[in-house]
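What follows is a single structure, written as structure tokens, with notes after it.
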Amino acid sequence: MHDAHEGGGKRHHPKFADKTPRRGTSFWMHDPDELFATIGLESGQRFLDIGCGPGEYALHAAGIVGETGSVLALDRNETLIDALIGTAASQGLHNLSALAADATQPLPADTDGFDVCLLSTVLHIPPVTARAAELAAEIKRVLRPGGRLAVIECPKHDLSFGPPAHMRLGSDAVRDIFTPLGFTPRDELDLGFNYMVLFDAAS
């Protein structure tokens, strides 16, 4: 295994090279179309966003999966969830649902209910890190066999933005959380301020 910041196994996407931190969430650091194309999200799929925050990823995903697909966004912050529900309604995104839920607890989601799961800058949060194995097991439960998991985290080498060094997780640590449960690392991408590890769930 190689840390995302040591060059082993990672790819650098040129369209992510010049992004800058804006508005406080990782969504604004990347080209979302390129990001979701890399993840492989398609029309008609079922997308789960755990720790969705304001919901930018979920809203964008709802546009990609379309009326034949669905999006479930989860966050423990009820204020953010209420705002996201309102935004989705105002944009006519009837395929997006949002629920207040804690990532350290069992997920309010159906077994084998999703094709793609996103976990963006969530794992490094101390209560989540402490229960990472339990969360990984829940993600395995809710993803269909052969589904896709995308994990976005902050690299250890760049402290100009994001969480302090002691909270950051290298890609080795991310892989070590999910591979024991049958997730296979598919790709690793340098996003500039962040990195993304893609996993395939066991078939």
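Annotations for the structure displayed:
- For L41, residues with placed amide H under 5 Å, excluding near neighbours: none
- Gain on full stretching of the segment that runs from M167 to Q105 - 0.36 nm per residue minus C-alpha separation: 20.3 nm
- Order of F36, F114, F193 under a 10 Å beta carbon neighbour criterion, fewest first: F193, F36, F114
- In sequence order, calculated HN-Hα J values of region 186-203 (Karplus, 6.51, -1.76, 1.60; Hz; x Gly/Pro): 9, 6, 9, 10, 7, 9, x, 6, 10, 9, 10, 10, 9, 10, 9, 6, 4, 7
- 5 angstrom amide H check on C117, placed H, neighbours 5+ away: L48, R148, L149, A150
- Going from the fewest other Cβ atoms within 10 Å to the most, the residues C117, C52 appear in the order C117, C52.
- Karplus 3J(HN,Hα) series, Hz, for region 61-70 with 6.51 cos²θ - 1.76 cosθ + 1.60 (x for Gly, Pro): 4, 4, x, 6, 6, x, 5, 8, x, 8
- ³J(HN,Hα), Karplus 6.51/-1.76/1.60, whole Hz, each residue of region 173-179, x for Gly, Pro: 5, 4, 4, 5, 6, 9, 5
- Relative contact order computed over region 75-203 (Cα-Cα under 8 Å; 6+ residues apart), in percent: 22
- Efficiency of FRET between E42 and A202 - r from beta-carbon atoms, R0 22 angstrom, step 0.05: 0.60
Quick note: the coordinates plus some simple rules give every number you see, no bench work behind them. Every value quoted in this text rests on a predicted model; they were computed, and no experiment measured them. All Cβ positions, glycine included, derive from the backbone under ideal geometry; neighbour counts span all protein chains shown.
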